[in-house]
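**Q** Mind looking over this structure? Questions follow.
The values are calculated or read from the model by the stated rules, or taken from the named source; none is laboratory data. What you are looking at is a predicted structure, and each value in this text was computed from that prediction instead of being measured. Methodologically, a virtual Cβ is constructed for each residue, glycine included, from the backbone with ideal geometry; neighbour enumeration extends over all protein chains shown. The area values use the complete protein model at the heavy-atom level, side chains included, leaving out ligands, DNA and RNA. Shrake-Rupley method; radii C 1.70, N 1.55, O 1.52, S 1.80 Å.
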Amino acid sequence: GRRAMPPISSTWRARKRRKGRGGGGEESCSEKQDQKVLLSSTEDTALQRACDIPSDRPKGFSLREDIRLQRTSEQSPPSCWLSLGVALGAPELFQYVCTYGFFMLAPNTWDPHQTLLEGPWGRPLPGVFSRPLSIGGSKTVHVKLCFSASKWTDEDSSERELIAFLEESLGEEEVGEVVRQVTRMLRISPEDNRREQEFRSLFPQAEQDHWFRLFRSPSMFEDACKTITLCNAGWGRTITMNQLLCEKVSSCGGFPTPLELSSWDPEDLKRECGVGYRAARLISLARRAVESEELEELEKLARRCRSPSVGEAQQGELRAKLLALEGFGPYATDNMLMLLGIYNNIAIDSETLRHLKSLHGVDEKSAARAVQKVSKIYDRYCPYQFLVYWRELWKDYERLCGPLHLLPSSRYSMLCANHMKKIRS
């Protein structure tokens, strides 16, 4: 049977009490700045995990430096799990996932009520995000994510461990790819953590609801495809297009890989997935992703553009290269800039114009003419204008529909301009 969890020694309890009071005392593992996370395949590592991240880490999310696969039971899934890092301030997973509409699009699945079983990973909290991830272009791994309260901390501790559950064992490189994709989706890198603190200094209200990490896809390719399905379509149709792409094009129910999508004929894609004129654009994007490293280079350029020392010239270069992609006009480009972490652009569509009139009294029917007025309202939050705007819009949706993380998936399609207009009237 399973081994019992190791007892907590009185010495370790005393260290935790002294640390909580801000006092000194004998050195503990949490006081070693350069200690890496070393996790073995036994269940006796929970105590190690509870103190292997420095206690003076910055607020927000601390990603572990050395993430190792853990095995629990070979008899039934999930047989493997990863401890990805620790979040402070008692956040809930929906504050990392349910922050942008892409979480509602296939193959993503969000269940606010599901709670996974307790184990060596601690006490899982309600709220589970799951989806298949493509590893190496040929393998699919199903991942479930949840926040867990550690067994080795006080009941009222504000620490939350992010746990990833896997249904099969993976090699070291495959584990690294899972971590990279989850880190991208939830924006939990050290850079994201630094920028979150910077944003909170400009917009303190964000700290109340941990507002910063806008959910995105595990790859730029998927983000770009989903952006194409956003254009000139109601939200319900966007949901349907993505569902059909996963069902009809992918061989495993995940989002299609560039190789899978590139082999389709535009007319067949139109017929099977209802994507209309977007078929040629989606296939063109997939073929560019297969034949070149253009998307990877764009993501590297975006990383440079996020640096505080970078001027407008490099951001202009990034914008121009996005506009050069087939099917990317100003709206799609601004949306992609946001997904790449460039927040000083606000993609203006009819819903933006409605929001400006409703909340700020700006009555403007032209997106082009609204740009200057948008700047006047949000430029004080530079370079995070979009984050403030999107929080306003998201809160407005929740005022009308209730908390969006509790919305049943059968009602996702109601979050469209026409339906909202009916509710407001």
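**Q** Can you compute 3J(HN,Hα) from phi for each residue in region 251-264, using the Karplus curve 6.51 cos²θ - 1.76 cosθ + 1.60 with θ = phi - 60°, rounded to whole Hz and x for Gly and Pro?
**A** 7, 10, x, x, 6, x, 6, x, 5, 5, 6, 5, 8, 7
**Q** Please report, to one decimal in angstroms, the Kirkwood hydrodynamic radius of region 353-425 built from all distinct Cα-Cα pairs.
**A** So the Kirkwood estimate lands at 13.6 Å.
**Q** Roughly how many percent of the accessible protein surface of region 344-424 is carbon and sulfur, given a 1.4 Å probe and a whole-percent answer? Provide the component values of the computation, followed by the final result.
**A** Values: 2230 of 4330 Å².
Carbon and sulfur: 52 percent of the exposed surface of region 344-424.
**Q** Going through the cross-link list K357/K422; K357/K421; K365/K421; K373/K422; K395/K422, which pairs have a Cα-Cα distance over 22 Å in this structure?
**A** Values: K357/K422 16 Å; K357/K421 13 Å; K365/K421 16 Å; K373/K422 26 Å; K395/K422 18 Å.
From K357/K422; K357/K421; K365/K421; K373/K422; K395/K422, over 22 Å: K373/K422.
**Q** Next up: Heavy atoms of the protein only, probe of 1.4 Å, neighbouring chains included. What is the accessible area of E260 in Å², nearest 10?
**A** We get 40 Å² for E260.
**Q** Residues in region 108-129 near a label at L88, defined as backbone nitrogen under 17 Å from the 7 Å Cα→Cβ point?
**A** Of the residues in region 108-129, none has backbone N under 17 Å from the label point off L88.
**Q** Restricting attention to the alpha-carbon atoms of region 68-186, what are Rg (one decimal) and Dmax (integer), both in Å?
**A** 13.9, 43
**Q** Right, something else. State the volume of the convex hull built on the alpha-carbon positions of region 273-348, expressed per residue in Å³ and rounded to an integer.
**A** 94 Å³
**Q** Using unit Cβ charges (K, R positive; D, E negative) and no other charged atoms, how large, in debye to the nearest 20, is the dipole of region 68-186 about its Cα centre?
**A** With only Lys, Arg, Asp and Glu charged at Cβ, the dipole is about 280 debye.
**Q** For H360, H210, H142, give the ranking by accessible area with the largest first, probe 1.4 Å.
**A** H142, H360, H210
**Q** Assuming R0 = 45 Å, what is the FRET efficiency of E326 and L117, from their Cβ-Cβ distance, to the nearest 0.05?
**A** Result of the calculation: an efficiency of 0.45.
**Q** Amide H neighbours of N345 under 5 Å, at least 5 residues apart or on other chains, H built in the peptide plane: list them.
**A** Under 5 Å from the amide H of N345: F386.
**Q** Classify region 220-421: rounded, prolate or oblate, from the alpha-carbon gyration tensor (a ≥ b ≥ c, eigenvalue square roots; a/c under 1.5 rounded; otherwise prolate if a/b is larger than b/c)?
**A** oblate
**Q** Residues with amide H under 5 Å of E65's amide H, sequence separation 5 or more or different chain, H placed in the peptide plane at 1.01 Å from N; which?
**A** V37
**Q** Let me confirm the definition first: pairs of Lys residues in region 142-284, 8 or more apart or on different chains, C-alpha distance under 23 Å. How many are there?
**A** Number of lysine pairs found: 4.
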